[in-house]
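The values are calculated or read from the model by the stated rules, or taken from the named source; none is laboratory data. All values reported here derive from a predicted model rather than from experimental measurement. Positions of Cβ are generated from backbone atoms using ideal geometry, with glycine treated the same way; all protein chains shown enter the neighbour counts.
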Amino acid sequence: MADHQLNGAHYGPSIPPTRPQRRRHNAGCGFCSCILGCFRSCCGCMFNCILSLICRIIATIIILVAIFGFLFWLIVRPNALKFTVMEASLTQFNFTNNNTLHYDLSVNLTIRNPNRRVSVYYNDIETLSFYKDFRFGSQTLGKFFQPHKNTSLLNPVFKGQQVIPLSSSQISEFNKETNNGVYGINLKVLLNVRFALGLIKTGNLKQNHHCDLKVPFKSHNGTSSLGNGFQATRCEWDSKWWLLFR
């Protein structure tokens, strides 16, 4: 009986299985948890933290600039300067045999500042006259100050002679314009200005405006080739010259 007890199967108490240990993860991605993670995973986490911080700074700057720009526009409501040629006339415009153009062109140009709070300092104004894309005259006008809601009048005069190598087709167009008594002339206005809002002033800014004119020839007795005379022409703003800092 003793042998039977020794050879029989023995069933002891069951041993519970061991539970695998779980790693605890901190919820969120706060700054402190990010720093602690950096020490655990070394360089990788530190790079992510620095990149995240830089992105937050850039996003904050963009938001602040957008808010400031919107508030500035809401308060100031800036408008572009308006250029208009009110009058233009030619008393001489003829070619000699050696392709020399003799010209006498006078222009009345108005500059309108429509802004309610922004004034303008004109540091440099240059007017250029073109015929068939050839420049034949230029004049630099004096500097002046223009307050808000103001219109200023400029009177550039172009007189002299200039060699212009016209092609045969351009000569034919010139002869046609001479018969009609009206010439297509392009006027460009180059500006170097500063804008002022109270005590705040911008740096020097460049603008370029161009005016496509149909200028009648006026005889010495004052009669114009056009029955109604010159038609006032609004100048266009060349945006690619806008906000170019010197």
Out of segment 105-157, which residues are within 22 Å of PHE95 (Cβ to Cβ) and either touching a helix residue (DSSP H, G or I) at 6+ places or on another chain (Cβ under 8 Å) or among the charged types (D, E, K, R) (or both)?
LYS132, ASP133, ARG135
Count of segment 229-243 residues which are surrounded by 12 or more Cβ atoms within 10 Å (Cβ to Cβ) and modelled with pLDDT under 60
2
For ALA59, only one of the following conditions fails: (1) in a helix (DSSP H, G or I); (2) at pLDDT 85 or above; (3) within 21 Å of the chain's Cα centre (by Cα). What is its number?
(3)
Please state which of the following conditions ILE164 fails to meet, knowing it meets all the rest: (1) within 25 Å of the chain's Cα centre (by Cα); (2) buried (at least 17 other Cβ atoms within 10 Å of the Cβ).
(1)
With LEU187, LEU226, LEU199, LEU213 as the choices, which residue is in the same structural domain as SER138 (by TED's automatic domain parsing), closer than 30 Å to PRO78 by Cα and modelled with pLDDT under 95?
LEU199
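Per-residue answers, yes or no, for (1) surrounded by fewer than 18 Cβ atoms within 10 Å (Cβ to Cβ); (2) among the hydroxyl-bearing types (Ser, Thr, Tyr); (3) more than 30 Å from ALA196 (Cβ to Cβ); (4) at pLDDT 90 or above:
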site: CYS45; (1), (2), (3), (4): yes, no, yes, no
site: ASN79; (1), (2), (3), (4): yes, no, no, no
site: ASP104; (1), (2), (3), (4): yes, no, yes, yes
site: PRO114; (1), (2), (3), (4): yes, no, no, yes
site: ARG117; (1), (2), (3), (4): yes, no, no, no
site: ASP124; (1), (2), (3), (4): yes, no, no, yes
site: PHE134; (1), (2), (3), (4): yes, no, yes, yes
